[in-house]
Every structure is written in C-alpha cells, then in structure tokens.
Amino acid sequence: GFILSSLSNFGLSAPEQTTVRTYAIGSELIALAALFLILQSTSARQLVISLAAMGAIVIVIPVAFRTFATFIAPYAPRSEFAFLLLVGVACAYATRLLGVYYLVGAFLVGVAAQRFRATHPAMSSEKMVDALEAFGSVFMPFYFFHAGTDIRAAHLSTIAFAA
C-alpha cells in the first residue's frame, strides 16, 4: 500500500513505475500464497479443503461485483463504499475462518476492485480509496490493540527473541 500510494513521489518514469507496481503486487501475491500454503499444509485433506474454499472466494468476489454493478448500483447511488467495506470484511472473515490471515481476504477484494475499475470506475476511484484508507486508519489501532492482548509472558522469553 505504501509503495503504490507514494509511487508518483519517487521520481520514476512511467515504465519504471509500472515495473515497481508489478513487482510490488507480485511479491505480495507470492507472500500471501506462501502464507496460505504453509498454514494449510498440516494435512493433505486440510490443504484440499482450504484450496477449494479459497477458489470459491476468488470466484465469488467478481460475481458479487458484477451483480452489485448490474442490480444495485443503478438504484443505490454512492453505495460503493458500503459494498466494498461489506465484501472486504466478509472475505477477511472467511479467510480467517480458513485459518489464514484477515489480510488475505481483504487483499483479494482490493485486487478484484482494481480489475473492476474499467467497468465501474466509482468502485476504485481516488475518493473511494481515500475513504477506505481513512476508515482503516481509524480502526487499525483497535486491531493492533486486540492483537497485543493475545501476547503472553512466555512469548517474550529470551528463547523467543533468539529464534
């Protein structure tokens, strides 16, 4: 997110910006895929079930976007923010139920929103991105506070720091 949002400030040419954007997104995808495979490889059965569920999520997101654009957006103007937020939270929760990190689902929604930009520009406009970032910046401290409450004294041992 930081790299992509500040890319224009780096003084790079247009082809260089495209290259950096491609590598940043590609690296993120590889890291998320590795995270998913490592966390789900406890058994072959778990891996197959998780891959099927993740495949279903990847298929459902674009269908939900097309359905929203066709049946809801024309009759509910300026509802894109609520829709993106709802889909993002639902997918984040679904990936969390799979035993993966929340950000995997949210990242998938972000990628789908960017791909959907050509047919429904309001879905990923600059104003929409700013609104989502503002929303995230308000609730991010609560997430980290909650995550911090799960830290136990044993997690802070010298053995843990050495590893």
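The values are calculated or read from the model by the stated rules, or taken from the named source; none is laboratory data. What you see is a predicted model; the values in this text were computed from it and never measured. When we count neighbours, we look across all protein chains shown, and the Cβ atoms used for this are built from the backbone with ideal geometry, even at glycine. Note: areas computed on protein heavy atoms with side chains; ligands, DNA, RNA excluded. Shrake-Rupley method; radii C 1.70, N 1.55, O 1.52, S 1.80 Å.
Observations on the model:
- Single match in Ala113, Ala82, Ala106, Ala76 (criterion: under 18 Å from Ala147 (Cα atoms) and out of contact with any Cys (no Cβ under 6 Å at 6 or more places or on another chain)): Ala106
- Which listed residue, of Arg115, Arg78, is farther than 28 Å from Ala56 by Cβ and either more than 16 Å from the chain's Cα centre (by Cα) or touching a residue at least 12 places away in the same chain (Cβ under 8 Å) (or both): Arg78
- Residue count for the stretch 68-101, restricted to those that are surrounded by 12 or more Cβ atoms within 10 Å (Cβ to Cβ) and either among the small types (Gly, Ala, Ser) or more than 22 Å from Gln40 (Cα to Cα) (or both): 18.
- Qualifying positions in the stretch 33-91 - more than 18 Å from Met128 (Cα to Cα), in a loop (DSSP other than H, G, I, E, B) and among the small types (Gly, Ala, Ser): Ser41, Ser43
- Residue among Val138, Val104 that alone is assigned to a helix (DSSP H, G or I) and either over 30 Å from Thr42 (Cα atoms) or open to solvent by 40 Å² or more (accessible area, probe 1.4 Å) (or both): Val138
- Residue in the stretch 1-32 that is nearest to Phe107 (Cα to Cα), counting only those that are open to solvent by less than 60 Å² (accessible area, probe 1.4 Å) and assigned to a helix (DSSP H, G or I): Leu32
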